[in-house]
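Undergrad: Okay, handing you the structure first.
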Amino acid sequence: MKKVILSLIMLFGLFSMLPAHSLRTLQESYELILNIPAKKLILFDNGQAIKEYSVGVGTSITPTPLGDFKIVRRISNPAWVNPYRQSKIVAPGERNPIGRYWLGFAMNRKSQEYGFHATSDSSSIGKASTHGCIRLHPDDMKELFNLVKINTSVHVIYNPVEVQEFQNKLFVRVYPDIYSYMEEEEYLKFAKNQLSGANLVKEQNLYKAIETKDGKDYFIGWTGAEKLNERETGPVQKGKLN
């Protein structure tokens, strides 16, 4: 991935420690980073992470594409048709399964557009549950729609191992490889590539996090250096649109 993405991701920190922010509308400086294994979308403002959304992502059969994109379509009260069935167009309204807002960001060779939309099925949020699009809670989607504009950057990454720093303390969070993009032995290498210069006083917690892959934060030590290595972004050559 581009170095700018790597530097942005280094600013994540723990979500509970994101600063309180008054979210403005249609900002030129906003940027979105979607981490598929974490099933979370981070909103950045001038390089600072200011909001996190839990999302539903594509299944292993219909994965969400990886890569660098931009918002290309912004529709209020969209119609919808199931791209995998010869079904009728669902008109805007309460029965429309994608809700009141659509933010399109990518299209494949079959002219299928991928985008952000709401869902009435709250149980699908935080899971690999879609045909490749990104599902948000209706209130979150309304907020996001009112924040971003056409040409807002969208970076879709695959990072199943997040090393996070707060006040010189290090935490690791590991997620399942939902698209089977990584070999099991890659997890440890993937984590340690981000930990050069770190003082791992709880290295056993690193192994525990990798073994469980439960997405929880495990304290592993201290930075021992001015800053960590640039964060890994996962198997970036897989899952891209042709």
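Undergrad: Quick one: count up the residues across the range 186-205 that are assigned to a helix (DSSP H, G or I) and in contact with a Phe, Trp or Tyr (Cβ under 7 Å, 6 or more places away or on another chain). Break it down into steps so the answer makes sense when it comes.
TA: Of the residues in the range 186-205, the ones assigned to a helix (DSSP H, G or I) are 186-192, 203-205.
Narrowing the set further to residues that are in contact with a Phe, Trp or Tyr (Cβ under 7 Å, 6 or more places away or on another chain) leaves 205.
Total satisfying the criteria: 1.
Undergrad: Does Phe145 count as in the same structural domain as Thr59 (by TED's automatic domain parsing), at pLDDT 95 or above and in a strand (DSSP E or B)? Before the answer, list the steps.
TA: Working: in the same structural domain as Thr59 (by TED's automatic domain parsing): yes; at pLDDT 95 or above: yes; in a strand (DSSP E or B): no.
No; evaluated as a whole, the condition is false for this residue.
Undergrad: Further question on the same structure: Pick from the range 1-60 the residues that are farther than 15 Å from Cys133 by Cα and of a type in the set (S, T, N, Q): which of them is modelled with the lowest pLDDT?
TA: Ser7
This table checks each residue for (1) modelled with pLDDT under 95; (2) more than 18 Å from Asn35 (Cα to Cα); (3) surrounded by fewer than 20 Cβ atoms within 10 Å (Cβ to Cβ).
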{"site": "Tyr158", "(1), (2), (3)": "yes, no, no"}
{"site": "Glu165", "(1), (2), (3)": "yes, no, yes"}
{"site": "Glu184", "(1), (2), (3)": "yes, yes, yes"}
{"site": "Leu188", "(1), (2), (3)": "yes, yes, yes"}
{"site": "Ala198", "(1), (2), (3)": "yes, yes, no"}
{"site": "Lys202", "(1), (2), (3)": "yes, yes, yes"}
{"site": "Asn205", "(1), (2), (3)": "yes, yes, yes"}
{"site": "Phe219", "(1), (2), (3)": "yes, yes, yes"}
{"site": "Gly224", "(1), (2), (3)": "yes, yes, yes"}
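Undergrad: Yes or no: Arg109 surrounded by fewer than 20 Cβ atoms within 10 Å (Cβ to Cβ), in contact (Cβ under 8 Å) with a residue 40 or more places away in the chain and outside any strand (DSSP E or B)? Lay out the reasoning, then the answer.
TA: Values: surrounded by fewer than 20 Cβ atoms within 10 Å (Cβ to Cβ): yes; in contact (Cβ under 8 Å) with a residue 40 or more places away in the chain: yes; outside any strand (DSSP E or B): yes.
For Arg109, the condition - surrounded by fewer than 20 Cβ atoms within 10 Å (Cβ to Cβ), in contact (Cβ under 8 Å) with a residue 40 or more places away in the chain and outside any strand (DSSP E or B) - is met.
Undergrad: Check whether at least one residue in the range 127-142 is farther than 28 Å from Asp45 by Cα, surrounded by 15 or more Cβ atoms within 10 Å (Cβ to Cβ) and small (Gly, Ala, Ser), and report yes or no. Lay out the reasoning, then the answer.
TA: If we filter the range 127-142 for residues that are farther than 28 Å from Asp45 by Cα, which is where we start, we get 129, 131.
Restricting the remaining residues to those that are surrounded by 15 or more Cβ atoms within 10 Å (Cβ to Cβ) gives 129, 131.
Among the residues that remain, those that are also small (Gly, Ala, Ser) are: 129.
The answer is yes; a qualifying residue exists.
Undergrad: If you don't mind, another one. Need the failing condition index for Val154 against (1) over 27 Å from Ile220 (Cα atoms); (2) modelled with pLDDT of 95 or more; (3) not in a strand (DSSP E or B), just the number.
TA: Condition (3) is where Val154 drops out.
The values are calculated or read from the model by the stated rules, or taken from the named source; none is laboratory data. Small disclaimer: the values here were computed from a predicted structure and weren't measured. Using ideal geometry, Cβ is built from the backbone for each residue, glycine included, and neighbour counts are taken over all protein chains shown.
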